[in-house]
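To start, the structure itself, in structure tokens.
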Amino acid sequence: MAIAFTLTFVSSPAVSYLGFSTIGLLQGQVWTLITAPFIHAGVIHLAGNMLFLYVFGNALEEEIGARRTIELFFLGGAISLLIGIPFYPPNTHIVGSSIAVSALVAAIIVIKPSKWSPIFRSPLGLVAVVYFIYNAFMIYYGQSGAIAYISHVIGFIVGIPLGLAWRRKGERKPDKDAVIR
């Protein structure tokens with residue numbers, strides 16, 4: 001992707017300040033809608049999110065441009081966090097970019113599902129559907145393991161209309177702010 005996403009591993013006190021929670025939002029911590037995707041619980045958490053961000057983010061950037069991909073990431077993440085409020089206890093802190101990345105994963109289905117992934121060795125639309133089904137099964141069978149499967153599904157559902165809104169017909173147009181020489 002055109003910009004690099006940073007990572008942060010933080011202690012519990014910092015999670016309460018930077019991670020998203022209903023209580024925090026009600027206390028005015030609106031910034032957590034933006035900071036929560038940059039906080040990760042560990043290396044495995046970060047690695048999984050970065051793999052999907054790399055694959056789906058690059059694919060979307062090629063189709064809709066860097067600016068729209070970044071907008072989709074942040075808007076998808078923030079909307080998904082807000083929609084997820086009723087599904088978690090108010091003091092639950094949600095961290096990680098997986099909610100925002102889930103929006104990117106879903107957007108590829110409506111923008112370019114047949115785009116081939118050499119990493120997954122399959123079309124990205126197929127990977128996206130498998131990802132959605134996996135998360136739905138985990139919810140159905142009551143699995144958690146401190147993973148926000150419900151938020152992944154919400155992010156996925158939010159990504160569909162966002163992808164439709166930002167889909168371009170025909171050829172790829174450069175970003176408005178791109179420099180052409």
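No value in this document is a laboratory result; all are computed from the given coordinates. Here the structure is a predicted model, which is why all the values come from computation and not from measurement. Neighbour counts run over all protein chains shown; Cβ positions are idealised from the backbone, glycine included.
Brief remarks follow.
- Angle in degrees between helix 124-140 and the longest Cα principal axis of the chain, rounded to the nearest 10: 20
- Cα-projected label distance for Y17 with V43, points at 7 Å along beta-carbon direction, nm: 2.7
- Radius 13 Å from Cβ of P123, net charge of other residues (Lys, Arg +1; Asp, Glu -1): +3
- With θ taken as phi - 60° and the Karplus curve 6.51 cos²θ - 1.76 cosθ + 1.60 applied, the whole-hertz 3J(HN,Hα) list for the stretch 79-91 is 4, 5, 4, 5, 5, x, 3, x, 8, 10, x, x, 8 Hz, x standing for glycine and proline.
- Note on V129 and R67: their simple-model spin labels are 3.4 nm apart, each label 7 Å out from Cα toward Cβ.
- Rounded FRET efficiency, nearest 0.05, which uses the C-beta distance separating N91 from I34 and R0 of 30 Å: 0.90
- Length-normalised contact order for the stretch 8-166 - Cα pairs under 8 Å, 6+ apart - percent: 27
- When each of R68, R121 is scored by the number of other beta-carbon atoms lying within 10 Å, the sequence from fewest to most is R121, R68.
- Axis angle, to the nearest 10 degrees, between helix 98-111 and the longest C-alpha principal axis of the chain: 30 degrees.
- Averaging 1/r over every pair of different alpha carbons in the chain and inverting the result gives a Kirkwood radius of 16.6 Å.
- Distances between placed amide hydrogens fall under 5 Å for S117 paired with S122, L124, all partners being 5 or more residues away or on another chain.
- Taking every DSSP helix (H) stretch of at least 4 residues in the chain, weighting each as -39,500 (n - 2.57) and dividing the sum by the residue count yields a mean residue ellipticity at 222 nm of -18500 deg cm²/dmol.
- Whole-Hz Karplus values for the stretch 50-64 come out as 5, 4, 5, 5, 4, 5, 6, x, 5, 4, 5, 4, 5, 8, 10 Hz, taken residue by residue from phi with 6.51 cos²θ - 1.76 cosθ + 1.60 and θ = phi - 60°; glycine and proline positions read x.
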